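First up is the structure itself, then whatever we jot down about it.
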Amino acid sequence: MLFYLLSICSFGGILMLRLMGKSRQFQSYLLVAAVLSLFAGMLQGNESPQIVWIRYAVMLFRVLFGLISPFAFLFFGLALVFNGVLLINKEGWAKRYALLLAVGIFILLMDLLFLLNYFVFHHYLIWRFMRLMSYFIIYFGVVLILFFVATTFYGLIPVSLDKDFIIVLGAGLLPDGRISPLLEKRLDRAIRFFRHQTEHTQKRPCRMIVSGGQGVDEPFSEAYAMKRYLIAKGIPEELIIEEDKSVNTYQNLLYSKGIMDTYKEKYKCLFITNNFHTVRSSLYAHRVGLDTDGLGAWTPFYFLPYAFLREFIAVVFMQIKGHTLLLALVLVFGLWRIYL
């Protein structure tokens, strides 16, 4: 009953935030909480035939997970290695792509150690080590799943057509100064929203803030390149504002907020980025005191595994104190289960 009550309260909170026009970030969190609470309620204290099969399905899943997990991690490691090589071939060499490759190789080595110990060594210290590692894998697996669900749900919540400003977050340019494929997706998404709102509300068109400074390997600022692209696509130049000092997402939002504050005291805004980047951007927006919605642009499939892993790691480091405390508890729990 408690879980059903929590689910109802979460859905009620979503409705309240929706009516108040509050950030979709908190709506997505409440949506995750509502679905998880509803599922937990279905698994607890209900013996009806319609629900019992769910418990059996969960039990079967646990058995199958124990049997196939080594091979699942083997597949996951191979997938990361393959994706890292693919990104290096398509996008060129970069340390961040090499990191993806290294994570995949580490997973493969751990899986190889498990299989060798299972079939060859049979050493109890390795078993204890692998069992301890399994607790950390479960922890990061649950956090990763929650991050993926939150990102997915964030994109499902509709955006109201009442924005005064659209902030397009910058991304890297190509060496010759052309718009990169990821940045092009963001700009095209911003153009579609701009025209959709203008056509359906018949209000004065909103202003577009293109945010991004000049990198050491870029011939000019990202904001300048983005403005040229928007003008070529038919967006009036007088509605485009350049923010060309920022070098990261936090500064994108902070400096854009400063620009919007000079135009209006009260306003509604929207940031545009790629779909995998919306949750972290919304966290940064909250940090700079910006009450905004976010809208994600489509991302090429081959880029998603690396992008989600990078975003996941970045979000973990944004909340490093909390995760450090929880990991310490996981370590204590794991040692207690293994040695006591």
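Each reported figure results from applying straightforward, stated rules to the coordinates on display, with no laboratory input. All values derive from a computational prediction rather than experimental measurement. Here the Cβ is made from the backbone with ideal geometry for all residues, glycine too, and neighbour counts use every protein chain on show.
Work out the charge dipole of segment 165-299 with +1 on the Cβ of Lys and Arg and -1 on the Cβ of Asp and Glu about the Cα centre, then indicate which of Leu183, His196, Gly212 is farthest towards its positive end. Of the listed residues, the answer is His196.
Could you please rank Asp261, Asp293, Asp244, Asp176, placing first whichever residue has the fewest other Cβ atoms within 10 Å of its Cβ?
Neighbour counts put them in this order, fewest first: Asp176, Asp261, Asp244, Asp293.
The DSSP beta bridges internal to segment 165-299 are antiparallel in roughly 5% of cases.
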